[in-house]
Amino acid sequence: MKRAGVRNPAALVVPLLLAVAVAACGSDEEPEPATSTSTAPPPSVAPSSAAPTGDPATRAAAAVAAMSDSDLAGQVLMPYAYGSSATAVDKGSAAGNQGLAGVDTPAEMIAKYHLGGLILVAFTAKDPTGATNPTTNVENPKQVRELTDGLQAAAAKLPGGAPLMIGTDQEYGVVTRITEGVTMLPSAMGAGAAGRPELTEAAWKAAGAELAAMGITVDFAPVADTLGPPANTVIGSRAFGSDPEANAQQVAAAVRGLESSGVAAGLKHFPGHGHTSGDSHEGLPVVSQSKAAWTAQDLPPFQSGVGAGAGVVMSGHLDVQALDKGVPATFSKKIMTDVLRGQLKFTGVAMTDAMNMPPAMKWTPGEAAVRALNAGNDMLLMPPNIGAARDGILAGLKNGSLKKDRLVEAVTRILTLKFRGTTRPPLAASATAEHEKAVAALDAASITVLKGPCSGALLTGPVTVTASGGREVARVNLVRALQAQGFQVQAAGGTVVHLVGYGDKSVDLDPAARVTVMMDTPYLLASAKSPVLVATYSSSKLSLTALAAVLAGKAKAPGKSPVAVPGLPRTAC
């Protein structure tokens with residue numbers, strides 16, 4: 001998911017924030033928490049009458065029938081907001097919300113525009129989508145749950161009685177919004193290397209339980225893109241790999257895991273962002289494959305994810321020339337209606353990628369909103385101006401450029417998904433020993449030796465762990481894991497294990513290292529001179545713990561690289 005937000009100078013110095021979008025996050029360092037100050041409480045809104053009981057579709061139809069045009073327009077909007085609390089924010093966050101929506105707090109934003117959803121975000125410098133995340137509004141499970149409770153309290157006062165859809169980009173790996181107090185899964189590529197869908201499903205079920213306990217109702221994951229060229233760094237390790245059939249199994253497993261925990265899975269970036277080196281955070285990437293190639297390579301993971309019950313499919317701002325040349329997929333009826341609804345038979349919520357990204361900004365917010373809805377999208381992520389998007393929808397209804405039936409259809413789908421599951425488990429469901437066990441099994445299965453021995457200890461004598469710049473957290477975690485395995489670890493002079501990760505280049509390698517470990521896509525290992533080359537695809541603590549067991553010779557390295565690395569086998573074992 002991606003997003004490009006208006007950067008408010010005051011807001012950049014503020015701690016936590018709230019935003020809408022699609023993919024991002026990925027430094028070894030966690031953001032510093034910040035404090036907030038109170039503002040006036042939101043104006044009171046008359047509570048709605050009790051929502052009807054019954055199946056979700058029946059409840060949705062009854063709620064929609066009672067909504068005004070303005071109510072309907074608000075339900076299709078899913079913006080971001082500034083502030084780590086629904087009702088109490090600091091001055092910088094209030095200024096950010098004023099610029100975005102003319103209000104001080106997230107709760108006031110919900111009340112003013114009758115919003116259908118909000119997205120929680122986090123700014124991280126080392127992140128393929130970092131440039132589009134202007135703020136951070138997540139710290140830890142307790143804070144997130146308090147925030148989402150406050151947001152739902154605001155939504156409960158709106159007509160129709162529908163809960164708020166609260167989303168985030170919790171992909172794990174380089175795009176992870178909430179990093180503190182949760183069980184960190186390996187990247188999608190790590191799961192692809194493990195090649196065991198049953199482990200993927202168990203890990204994502206644990207992730208879903210933790211997200212649900214924090215009050216998050218939709219996770220914009222898994223990434224269903226099939227990875228093509230190594231130059232595709234915006235997707236990279238966020239994808240399960242380059243084999244469409246293997247990816248299809250992994251995507252379905254992740255969807256089943258999330259959905260079984262009561263969190264809607266959001267497949268992205270439809271119809272496939274893997275076969276382009278362009279970045280839709282910067283422009284309109286061109287996907288030049290033939291239709292036959294798209295059908296064989298990009299379609300299967302989305303098809304399997306839909307079949308597994310994904311509640312949401314997110315469009316990509318992509319020029320997929322074989323399907324609708326020159327038209328960004330988000331705004332293409334051929335893609336978002338004919339292919340997604342007709343060919344894939346998807347009946348859930350179609351969500352745009354962030355509407356404040358360059359390909360969507362060629363039109364005014366109002367015109368872009370109408371175009372996206374007419375293409376077949378149901379919900380609009382991160383409109384750059386909430387009022388302008390809402391007013392554009394209302395103007396479209398008045399002048400006939402947007403049919404009322406299309407808007408009603410969109411809102412009915414949104415409400416059906418929201419009514420499908422509204423319970424929030426207790427926060428105690430977060431980061432349990434059971435979750436750690438499930439995720440650790442996936443990590444252990446992902447470790448891949450691409451060069452070096454396959455049995456026995458890969459290190460002897462004292463060990464020194466080094467890392468490229470900015471990876472001190474990962475380095476310390478590996479030091480501790482190696483010490484737990486009985487290694488003597490010293491600051492210098494030992495056998496060198498060198499860590500590299502997302503964004504690193506050949507200059508970041510250490511030719512004197514005995515072991516080079518890649519914590520992201522393994523392509524850089526083709527340039528490494530070490531006699532032992534290992535891929536973890538992830539810098540999480542559990543991934544590095546699994547790595548230490550392999551280095552000590554106490555565990556096998558069963559992983560196989562899910563992408564081809566020039567000059568190296570998928571596994572040396």
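The values are calculated or read from the model by the stated rules, or taken from the named source; none is laboratory data. The structure displayed is predicted, hence computed values, not measured ones. As a convention, Cβ positions derive from the backbone with ideal geometry for all residues, glycine included, and neighbour counts pool all protein chains shown. Surface areas here come from the heavy atoms of the whole protein model, side chains and all, with no ligands, DNA or RNA. Shrake-Rupley method; radii C 1.70, N 1.55, O 1.52, S 1.80 Å.
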Cα-based helix-to-principal-axis angle, 386-399 vs the chain, degrees rounded to 10: 50 degrees
Of 268/541; 437/560; 205/554; 268/362; 91/398, those spanning more than 32 Å from alpha-carbon to alpha-carbon: 91/398
How many angstrom lie between the Cα centre of segment 443-461 and the Cα centre of segment 496-555? 10 Å
Percent antiparallel among DSSP beta bridges confined to the chain, rounded to 5, stands at 20 percent
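Once you charge only the Cβ atoms, +1 for Lys and Arg and -1 for Asp and Glu, what is the size of the charge dipole of segment 216-285 about its Cα centre, to the nearest 20 debye?
100 debye
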Treating only the Cβ of Lys, Arg, Asp and Glu as charged (+1, +1, -1, -1), what charge dipole size does segment 462-573 show about its Cα centre? Round to the nearest 20 debye. 320 debye
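If you roll a 1.4 Å probe over segment 343-485 with all protein chains in place, what percent of the accessible area is carbon or sulfur?
Numbers: 3070 of 5680 Å².
Result for segment 343-485: 54 percent of the exposed heavy-atom area is carbon or sulfur.
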Mind checking the per residue accessible area of the chain for me, 1.4 Å probe, whole number of Å²? 34 Å²
Taking the Cα centre of the chain as origin, work out the dipole magnitude from +1 charges on Lys and Arg Cβ and -1 charges on Asp and Glu Cβ, in debye rounded to 20. 660 debye
Quick one: Cα centre-to-centre distance for segment 146-212 and segment 323-364, in angstrom? 24 Å
Of all accessible heavy-atom area on segment 79-238, the percent that carbon and sulfur account for (1.4 Å): 57 percent
With DNA, RNA and ligands ignored, accessible area of residue 144 (1.4 Å probe; Å², nearest 10): 0 Å²
So what does residue 85 come to for accessible area, using a 1.4 Å probe and Å² rounded to 10? 30 Å²
Each residue of segment 204-220 in order: what ³J(HN,Hα) in whole Hz does its phi give by Karplus 6.51 cos²θ - 1.76 cosθ + 1.60, θ = phi - 60°, with x for Gly and Pro? 6, 5, 4, 4, x, 4, 6, 5, 4, 5, 8, x, 8, 9, 9, 10, 7
State the volume of the convex hull built on the alpha-carbon positions of segment 261-335, expressed per residue in Å³ and rounded to an integer. 94 Å³
Packing rank of 468-476, 345-353, where each peptide gets the mean count of other beta carbons within 10 Å, highest leading: 345-353, 468-476
Order these peptides, 160-170, 480-490, by their mean beta-carbon neighbour count within 10 angstrom, highest first. 160-170, 480-490
Could you rank the peptides 192-205, 362-375 by their average count of other C-beta atoms within 10 Å per residue, with the highest value first? 192-205, 362-375
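Would you calculate the convex hull of the Cα atoms in the chain and tell me its volume per residue in Å³? Can you show the working numbers first?
Working: hull volume 74.1 nm³, N = 573.
So the per-residue Cα hull volume is 129 Å³.
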Over 18 Å [Cα-Cα, segment 451-573], rounded percent: 45 percent
Run the 1.4 Å probe and let me know the accessible area of residue 260, rounded to the nearest 10 Å². 70 Å²
